[in-house]
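What follows is a single structure, written as structure tokens, with notes after it.
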Amino acid sequence: MRVTAGSTTLRRVIKRLPFGDRLAEQPDHELVGVIRMPETTVSPLRSIGKRVIGAILALLATVLIVYLDRDGYRDANGDGLTLLDAFYYATVSLSTTGYGDIAPATQSARLINILVITPLRVLFLIVLVGTTLEVLTERSRQAFKIQKWRHKVRDHVVIVGFGTKGRATVKTLLGDEKVEPNHIVVVDTNQEALDAAGAMGLVTVHGSATRSDVLRVAGAQRARAVVVAANRDDTAVLVTLTAREMAPKAHIVASVREAENVHLLKQSGANQVVISSETAGRLLGMATSTPVVVDMVEDLLTPESGLAIAERDVEPSEHGGSPRHLPDIVLGLVRDGTLYRVDAPQADAIEPGDKLLYVRKVTQVEEVNGQ
């Protein structure tokens, strides 16, 4: 379905918006599976080693307790408990085998078994079946992480859609923009896409971003930016409307396939709209006659190597001068949030607080770090 221009269509879209917050009102443990926090990877050998060490410590603690209170135990042989007997009793007791040839006889020994050795037995079993219990406790750990994240997350970036455009957006944010992975939230309905985002260390939310409660769970109301990279223009309009309703101050960037729908996205609240199909079509057309121009454009849009378009603050020594006379290749000047091309009259003189858009050369060191 392709969104067409007109206020009638916009009103219909608004009527379809679900502004309920039932999902956002759920407790954190109910959001496990909806929100997925990134996992820290641990090598199998290290994980097994930690469990073996824990089991040995529990065993040694039990041996020490039994040996210090050896007079309170009865041996079937009647010759008292040795250190070896203490190891033997601790082993069969912690493993719940319990042959019965050595047993606590005094009241104090039995009390210690109840209060100390039984908890150690439980700890020992937890260590031995740690893998199974880890799966069982995954929900609790995720709930704790979700609770902690939801209370702390601020000024993050919400990306709706993790297709080709969404992945490229994340790559740029992590590389050129230096955004931390846990400050990027991906919203999608495709579990495979969410798994790929989670593997990159990103926070993921499973659900349709056309629903306000899903965006609220993603923290869109506290986000500094929302990137709408949906595959359909009508979905992009719905998401933009929902996001703008929830986050009036967020910077919303939307991707649209058809140029005729740009104004509709603008009306919906998008600060910037990128026409994906038309831009690609222009490059394809230019490639037929001036392929080197396309190569240069791709170089400028690829921050990992060659040349890149960047933004920087002006230096005090540059105040009052013309951006056209700087050593850098300046493309434009940003003043009070408004972009002026370098040939515009407003860009004749640099003022304090201005920012410059210029062509930056990526050094070899930056290329290596990017790889």
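The values are calculated or read from the model by the stated rules, or taken from the named source; none is laboratory data. Owing to the predicted nature of the structure, the values given are computational and were not obtained by experimental measurement. For neighbour counting, all protein chains shown are included, and Cβ atoms are generated from backbone atoms with ideal geometry for every residue, glycine included.
Please go through the range 140-163 and give me each residue that is more than 13 Å from Val227 (Cα to Cα) and out of contact with any strand residue (DSSP E or B) (no Cβ under 7 Å at 6 or more places or on another chain), ordered by number. Can you show your working first?
Our first condition is that a residue be more than 13 Å from Val227 (Cα to Cα); within the range 140-163, this holds for 140-155.
Result: Ser140, Arg141, Phe144, Lys145, Gln147, Lys148, Arg150, His151, Lys152, Val153, Arg154, Asp155.
Looking at Val359, Val334, which one is modelled with pLDDT of 90 or more and either among the β-branched types (Val, Ile, Thr) or under 19 Å from Gly175 (Cβ atoms) (or both)?
On the way: Val359 fails: modelled with pLDDT of 90 or more.
Among Val359, Val334, only Val334 is modelled with pLDDT of 90 or more and either among the β-branched types (Val, Ile, Thr) or under 19 Å from Gly175 (Cβ atoms) (or both).
Within the range 335-355, count every residue that is of a type in the set (Val, Ile, Thr) and crowded, with 17+ Cβ neighbours inside 10 Å.
2
Go through the range 158-168 and give me each residue that's surrounded by fewer than 22 Cβ atoms within 10 Å (Cβ to Cβ) and either touching a Lys or Arg at 6+ places or on another chain (Cβ under 8 Å) or in a helix (DSSP H, G or I) (or both). Write out each step before concluding.
First pass over the range 158-168, keeping only residues surrounded by fewer than 22 Cβ atoms within 10 Å (Cβ to Cβ): 163-165, 167-168.
Listed by number, the residues that qualify are Thr164, Lys165, Arg167, Ala168.
Yes/no matrix, rows are residues, columns are (1) at negative phi; (2) aromatic (Phe, Trp, Tyr); (3) out of contact with any helix residue (DSSP H, G or I) (no Cβ under 9 Å at 6 or more places or on another chain); (4) free of Cβ contacts under 8 Å to residues at least 12 places away in the same chain:
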position	(1), (2), (3), (4)
Asp234	yes, no, no, no
Val239	yes, no, no, no
Ala247	yes, no, no, no
Leu264	yes, no, no, no
Gly269	no, no, no, no
Ser277	yes, no, no, no
Gly285	yes, no, yes, yes
Thr288	yes, no, yes, yes
Pro291	yes, no, yes, yes
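Results for (1) outside the structural domain of Val362 (by TED's automatic domain parsing); (2) without any contact (Cβ under 8 Å) to a residue 40 or more places away in the chain; (3) touching a helix residue (DSSP H, G or I) at 6+ places or on another chain (Cβ under 6 Å), shown as yes or no for each residue.
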{"position": "Lys148", "(1), (2), (3)": "yes, yes, no"}
{"position": "Gly163", "(1), (2), (3)": "yes, no, no"}
{"position": "Lys171", "(1), (2), (3)": "yes, yes, no"}
{"position": "Val179", "(1), (2), (3)": "yes, yes, yes"}
{"position": "Asn182", "(1), (2), (3)": "yes, no, no"}
{"position": "Val185", "(1), (2), (3)": "yes, yes, no"}
